[in-house]
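Before any comments, here is the structure.
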Amino acid sequence: MIQGKSLISINDFSKEEQIDILNLAEEFEKKSNRHILPNHVIATLFFEPSTRTRLSFESAICRLGAKYIGFSDTSSTSVQKGESLRDTIKTVEQYSDLIIMRHPKAGSARFASEVSNVPVINAGDGANQHPTQTLLDMYSIRKTQGALNDLNIAFVGDLKYGRTVHSLVMALCNFNCNFYFVSPQELKIPTEIKYYIKERNLTYSQFTNMNEVIPKVDIIYMTRIQRERFSDPLEYEKVKNSYILNSEMLYDTKPNLKILHPLPRVNEISEDVDNLKEAYYFTQALNGVYIRQALLTSILGAKL
Amino acid sequence: MITELKVSAIDNGTVIDHIPSKSVFTVIKILDLEEDENQILFGTNLESKKYGTKGIIKIKNRYFKEAEINKIALVAPIATIIVIKDYNVVEKKHVSIPDKVFKTIKCINPNCITNFENVAQQFDVIDKKDVILKCHYCEKITDKKNMVFI
Ligand SMILES: [Zn+2]
């Protein structure tokens, strides 16, 4: 039962509930404008700016006929005057039926959901979780592969700080997937995630070079490597070009291979890949609106 | 027994035995014994046949709830809790690491909400053998060597 639930970490929803959301999102992909929440007010609290995520949520809200209130950064709010997160949430819950929140501190969304009487959707809490991104990634994978089960999936780039990677790996553990982690030494997948995979008797392998992985996988999930993540700038210079995907690297691939990226991209996928049939990252972003429509509808208990 | 001579017996209360010597003061902190007004006797670096050295704490007229005392298992996994009434041992049990740990440890993640807002720290114990805790809020792991008691 999703109605009334908060979504903070992808695991807050069971595998069945996640699939329900994906199925409902398919209906919204067929027909997106459905004014089924005309009497609802939804709060969008962005304690740090994230234009993409906010617009995707606001588009989903509008297409459902609901209204939204909120802020896109904290500069003109009482947060700037030192108001606690608890007090902000206790105030906003009075004005709204659901709270969507993005916050720079990890764990803030979980805390908000414990304080709030209305459901909370986490739109990113620091480096921790971003479950709506995870659902849209799952949707994109299922759509391009036909199913989520038994896939070989490569994650490339910054696997240490990339929260989208962490949540997606956790979600895919429910579907018996096999993971290839490709990253520089300094940005390897964290212990928490390795534990999680091992606990479920699944397998992963780690690489520093993506070329040997490309022919084996169904999905390549690219992420951005940021210079500021490296303690030694020289290390960054050494590795920065080894994690750029270009069309020449895609000569020997599985026919069903698709390339995903949570966006924004900097240079980790060359533009010459954009027109290949393997490139899926722009469609992937659009799927986010359908996923968010499906979530709002389910949590607020509306019917199609 | 030598230990008994060094740390004299109590008539009523709780004895915590087999504490690793280096953890005695941490146990005092975890149980908030500094605030306790009962008579407290403790010894550390005492001889122990089994473990080389050990520490012991005796708290007069104080009895602990299981959830309260089990927290010390994080630093004293083999501690024995002995309940004394009229100089007699009425109960003897071992501590065991709880499934959840509340308000005891600081989260290692500097960006965790518990280090900024007035939020009670809460951890799930995901590995009892190696003592690995996962923050309920930021979901990061704090392990044995990074535990800071509050
Ligand atoms: Zn934490």
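The values are calculated or read from the model by the stated rules, or taken from the named source; none is laboratory data. What you are looking at is a predicted structure, and each value in this text was computed from that prediction instead of being measured. Neighbour counts are summed over all protein chains in view; Cβ atoms, including those assigned to glycine, are modelled from backbone coordinates with ideal geometry.
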Worksheet item: When you go through (1) farther than 29 Å from A:PRO131 by Cβ; (2) modelled with pLDDT under 90; (3) in a helix (DSSP H, G or I) one by one for A:GLU192, which number turns out not to apply?
Response: (1)
Fill in: Check on A:LYS216, within 14 Å of chain B (Cβ to nearest Cβ) and more than 21 Å from the chain's Cα centre (by Cα)
no
Worksheet item: Given the structure, is A:GLY157 at positive phi and out of contact with any strand residue (DSSP E or B) (no Cβ under 9 Å at 6 or more places or on another chain)?
Response: no
Discussion item. Quick check on the stretch B:54-69. Is at least one of its residues touching a Leu at 6+ places or on another chain (Cβ under 8 Å), small (Gly, Ala, Ser) and touching a residue at least 12 places away in the same chain (Cβ under 8 Å)?
Written reply: yes
Item to complete: Might you let me know whether the stretch A:41-49 holds any residue that is more than 16 Å from the ligand (Cβ to nearest atom), under 17 Å from the mean Cα position of the chain (by Cα) and not in a strand (DSSP E or B)?
Response: yes
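Every residue, every condition in (1) within 22 Å of A:SER116 (Cβ to Cβ); (2) assigned by TED's automatic domain parsing to the domain that holds A:PRO264; (3) modelled with pLDDT of 95 or more; (4) out of contact with any Pro (no Cβ under 8 Å at 6 or more places or on another chain), yes or no:
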{"position": "A:GLN18", "(1), (2), (3), (4)": "no, no, yes, yes"}
{"position": "A:ALA25", "(1), (2), (3), (4)": "no, no, yes, yes"}
{"position": "A:PRO38", "(1), (2), (3), (4)": "no, no, yes, yes"}
{"position": "A:THR44", "(1), (2), (3), (4)": "yes, no, yes, yes"}
{"position": "A:THR51", "(1), (2), (3), (4)": "no, no, no, yes"}
{"position": "A:GLU58", "(1), (2), (3), (4)": "yes, no, yes, yes"}
Discussion item. I'm trying to understand the selection: among the residues of the stretch A:150-169, which are assigned to a helix (DSSP H, G or I) and under 12 Å from A:HIS130 (Cβ atoms)?
Written reply: A:ARG163, A:THR164, A:VAL165, A:HIS166, A:SER167, A:LEU168
Item to complete: Inspect all residues belonging to the stretch A:17-35 and state whether any of them is touching a residue at least 60 places away in the same chain (Cβ under 8 Å) and in a loop (DSSP other than H, G, I, E, B).
Response: yes
Practice prompt. Give me a count of the residues in the stretch A:84-112 that are within 11 Å of chain B (Cβ to nearest Cβ), in a loop (DSSP other than H, G, I, E, B) and of a type in the set (D, E, K, R).
Written response: 1
Discussion item. Kindly evaluate A:SER76 against the criterion of being surrounded by 15 or more Cβ atoms within 10 Å (Cβ to Cβ), out of contact with any Cys (no Cβ under 8 Å at 6 or more places or on another chain) and at pLDDT below 95.
Written reply: no
Worksheet item: under 30 Å from A:GLN206 (Cβ atoms), basic (Lys, Arg) and within 16 Å of the ligand (Cβ to nearest atom): does that describe A:ARG142?
Response: no
Worksheet entry | Number of positions in the stretch A:117-136 that are assigned to a loop (DSSP other than H, G, I, E, B) and away from chain B (no Cβ under 14 Å) | 3
Worksheet item: Which one of these is charged (D, E, K, R) and assigned to a loop (DSSP other than H, G, I, E, B): A:LYS254, A:LYS240?
Response: A:LYS254
Worksheet item: Which ranges mark the strands (runs of 3 or more DSSP E) fully within the stretch B:45-150 that have 2 or more residues being out of contact with any Phe, Trp or Tyr (no Cβ under 9 Å at 6 or more places or on another chain), of a type in the set (Lys, Arg) and more than 16 Å from the ligand (Cβ to nearest atom)?
Response: B:52-60, B:88-94
Worksheet item: Of (1) under 20 Å from A:PRO262 (Cα atoms); (2) under 16 Å from the mean Cα position of the chain (by Cα); (3) away from chain B (no Cβ under 14 Å), A:PHE13 satisfies all except one. Which?
Response: (1)
Worksheet item: Identify, please: which residue in the stretch A:38-60 is buried (at least 18 other Cβ atoms within 10 Å of the Cβ) and out of contact with any helix residue (DSSP H, G or I) (no Cβ under 7 Å at 6 or more places or on another chain) and is, among those, nearest to A:PRO264 (Cα to Cα)?
Response: A:THR53
Item to complete: Run B:VAL101 past the list (1) exposed (fewer than 15 other Cβ atoms within 10 Å of the Cβ); (2) under 28 Å from A:LYS194 (Cα atoms); (3) more than 14 Å from every other protein chain (Cβ to nearest Cβ) and report the number of the one that doesn't hold.
Response: (1)
